[in-house]
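See structure below.
The values are calculated or read from the model by the stated rules, or taken from the named source; none is laboratory data. Quick caveat: nothing in here was measured; it's all calculated off a predicted structure. Cβ sites come from the backbone with ideal geometry, for glycine too, and all protein chains shown count toward neighbours. Calculation scope for accessible area: heavy atoms of the full protein, side chains included, ligands and nucleic acids excluded. Shrake-Rupley method; radii C 1.70, N 1.55, O 1.52, S 1.80 Å.
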Amino acid sequence: MEGQVARFALFLCIAVAAAASSQTCDPVKVDDNPYVRESLIGCWTSFIREDKAEVHILNLYFAATDSNLFSLEMTNAKPMNLILTSPDTAYGLHNISKDVNIYINNNSTIVLHGNQHHSNVHEQDFPTQDEKLVKWATQKFGGVTSFTTIRNLQTVSSMGIKGTTPGSPYCILRNEDAFKKHFMKIKASSLASKYCSTQPQNRGDAAELHIINIPENAITCNVSLRIDTEKTSVFLRGPQGTTWTFLELKHTQFGSNNDILLPTMTHRIQPIFTLNSDNAQDVQRMALDHFKASTFTSYTELKPKESMVLLVLGKKDNPAVTETVPTPVIAISTNAPHQMPLLMQLYTSPDYRSPLDPNTKVQSDKRIYAEISGHTLGDMFLTIKVISCFVRSTGSCPVEKELPFMPETCSLNSCPNSTRLSFSLDQLQELTSTTWDLECSVKLCYSEKCGDGGRVKRNLEVTQQCLQPETQQCFDFGLPGVLGIAFGGFLIGVLLIGALWFIKIKTGYPTALDISSTAANLPGCPCSGVKRQPVSTIPSPSENSSANASIGSTQSTPTSSMA
């Protein structure tokens, strides 16, 4: 009997261990997945108008199966111009302050209702396409503070704080996590998914296993996945034709029944196994067996609504944050759709703080500093390497010249996904054309592997250096020079006067000083106030005898007296 009990206990332990080694769970529908979040198109800038008003755009999407009713709670909002757009019919309730102005399209299917400030709702004729809408708002208001895409919005509330973020004042649309915009609180079912977990909550820094399953009846799509956790294993399952692209790998292990693209966009990994079943338990068991694990951190089952989707996989307590690239850029991109969009901005100084307006003419004798940057779906960290640059004139007789350049230092922290260089336009001085196209070819590198990154082009207005006519050189004396010359002249004069005085007392001969003083005592001297002694005149012939007698008598007198 004891032997049977022992065998039964052994079988029970084996069964419990087997069950524990292949734990599964039943996923349930959630509005906010704690680990996997969809990233949508948007931007967030430092722009604010001179009247302190911000400019925000909300681009709303509503699924046919979800409620299309939303509310705007902005009684404590900062001064704001809010633009609402949606391709779907939606009904909004607004509770706004007098400093909030709402703009909707004339043909919009958004219907707004509010109890106050009805005059703050304006209808305008503006485009609804993302980039064109940003351009229109920039022309009308001077810029865009934020552009946010939200699926199935329920409520958006203002937090009563500034809606700006440090960095560039230019709105460059990119995939972002809208829930990280701290100036507003968003409640929405942005990612319709099912979720469950079998892993204990307190596991510290233990490796995590995440499972993402796209059912067979979902549309075939390209899924970009950014993983913001380290020591992570990811099991990916989707219908045939699905492609998974890893945008950033942080010690990640992965397995999939579909093709996987690594960040270089040139390395395609074939499916590791075959799994046609989309049943939750089957997928979970396959993942546990593939990674030799007993539990998993998260199981997510979702149906993408578009052919391209970006998913961000982060920690439960600290979901992923999309970094913002502070890159004020105005340029024309010539890339193919599959390549990373490139942008070029020119500067006049090596501190890269003064962007050069495209309409500003550049002197050909000045050095120009350029920054080439790009952004990808999900902020992939790549290195941009400039291969060559050319300038082409846009006149009737086009001229093309290769433009030598010098790389400029740029750290990864200050220049994510960008590179800097400088060049001189000296070789354009002898040419008559003033309008040029500047074009650079680049390569995109990840680790040690590089691929073609396309070209980036922008216009350049050049003005020739004015040649000054030759003039005679003149000496420019400053105050010390003038004082030196004056003192030298004074010293020479003193020395000359001293020399003349020395000659007089040693030789007895009259000097220039005596001559000048004698001349001053002559009759008719204009020097007034000078007392003159009488001067004897030469007698005339008629008076000669008397004069001689007089002289003789005069000369005899002292003789007799001396005797």
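Within region 170-187, identify whether any single residue is in contact with a Phe, Trp or Tyr (Cβ under 8 Å, 6 or more places away or on another chain), more than 27 Å from residue 139 (Cα to Cα) and among the aliphatic types (A, V, I, L, M), and answer yes or no.
yes
Can you name the number of the only condition in (1) more than 30 Å from residue 308 (Cβ to Cβ); (2) modelled with pLDDT under 85; (3) hydroxyl-bearing (Ser, Thr, Tyr) that residue 373 fails?
Result: residue 373 passes all but (1).
Looking for whichever is farther than 14 Å from residue 438 by Cα, in contact with a strand residue (DSSP E or B) (Cβ under 6 Å, 6 or more places away or on another chain) and either open to solvent by 50 Å² or more (accessible area, probe 1.4 Å) or modelled with pLDDT of 55 or more (or both) here; the options are 367, 353. Which one fits?
Going through 367, 353 in turn, the sole match is 367.
Using beta carbons and a limit of 7 Å, which pairs, at least six apart or on different chains, have the first residue in region 285-301 and farther than 20 Å from residue 215 by Cβ and the second one charged (D, E, K, R)?
297/208
If we keep just the residues of region 196-222 that are at pLDDT below 90 and outside any loop (DSSP other than H, G, I, E, B), which is surrounded by the fewest Cβ atoms within 10 Å (Cβ to Cβ)?
Among residues in region 196-222 that are at pLDDT below 90 and outside any loop (DSSP other than H, G, I, E, B), the one surrounded by the fewest Cβ atoms within 10 Å (Cβ to Cβ) is 222.
Could you grab the pairs with beta carbons closer than 9 Å, sequence gap of 6+ or different chains, first residue in region 484-511 and part of a loop (DSSP other than H, G, I, E, B), second one surrounded by 10 or more Cβ atoms within 10 Å (Cβ to Cβ) and modelled with pLDDT of 80 or more?
Matching pairs, first to second residue: 509/503; 511/500; 511/501; 511/503.
Scan region 88-103 for residues that are over 21 Å from residue 183 (Cβ atoms) and either assigned to a strand (DSSP E or B) or at pLDDT 90 or above (or both) and jot them down.
90, 91
Tell me which of these residue 175 doesn't satisfy, since it passes every other one: (1) open to solvent by 10 Å² or more (accessible area, probe 1.4 Å); (2) modelled with pLDDT of 85 or more; (3) not in a loop (DSSP other than H, G, I, E, B).
Failing condition for residue 175: (2).
Being part of a loop (DSSP other than H, G, I, E, B) and small (Gly, Ala, Ser) is the filter here; which residues of region 104-125 pass it?
Passing the criteria: only 108.
Output the number of residues of region 1-46 satisfying the condition of being at pLDDT 80 or above and not acidic (Asp, Glu).
20
Residue by residue through region 405-440, note down the ones that are polar (S, T, N, Q), within 24 Å of the chain's Cα centre (by Cα), modelled with pLDDT under 80 and more than 17 Å from residue 343 (Cβ to Cβ).
Listed by number, the residues that qualify are 411, 413.
Taking residue 101 as meeting all but one of (1) surrounded by fewer than 16 Cβ atoms within 10 Å (Cβ to Cβ); (2) touching a helix residue (DSSP H, G or I) at 6+ places or on another chain (Cβ under 9 Å), write down the number of the exception.
All conditions are met except number (1).
Restricting attention to region 223-261, which residues are surrounded by fewer than 20 Cβ atoms within 10 Å (Cβ to Cβ), of a type in the set (Lys, Arg) and under 16 Å from residue 298 (Cβ atoms)?
Selection gives 231 alone.
Here's the yes/no breakdown for (1) more than 24 Å from residue 62 (Cα to Cα); (2) free of Cβ contacts under 8 Å to residues at least 12 places away in the same chain; (3) of a type in the set (Phe, Trp, Tyr):
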site: 115; (1), (2), (3): yes, no, no
site: 127; (1), (2), (3): no, yes, no
site: 143; (1), (2), (3): yes, no, no
site: 154; (1), (2), (3): no, no, no
site: 169; (1), (2), (3): yes, no, no
site: 180; (1), (2), (3): no, no, no
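So, in region 65-87, exactly how many residues are in a loop (DSSP other than H, G, I, E, B) and in contact (Cβ under 8 Å) with a residue 12 or more places away in the chain?
Qualifying residue count, region 65-87: 10.
The conditions are (1) loosely packed, with under 14 Cβ neighbours inside 10 Å; (2) at pLDDT below 85; (3) not aliphatic (A, V, I, L, M), and residue 276 fails exactly one of them. Which is it?
In the conditions (1) loosely packed, with under 14 Cβ neighbours inside 10 Å; (2) at pLDDT below 85; (3) not aliphatic (A, V, I, L, M), residue 276 misses (2) alone.
Of all residues being buried (at least 20 other Cβ atoms within 10 Å of the Cβ) and more than 18 Å from residue 73 (Cα to Cα) in region 148-171, which is modelled with the lowest pLDDT? Just the residue, please.
Step by step, filter region 148-171, then rank; the result is 168.
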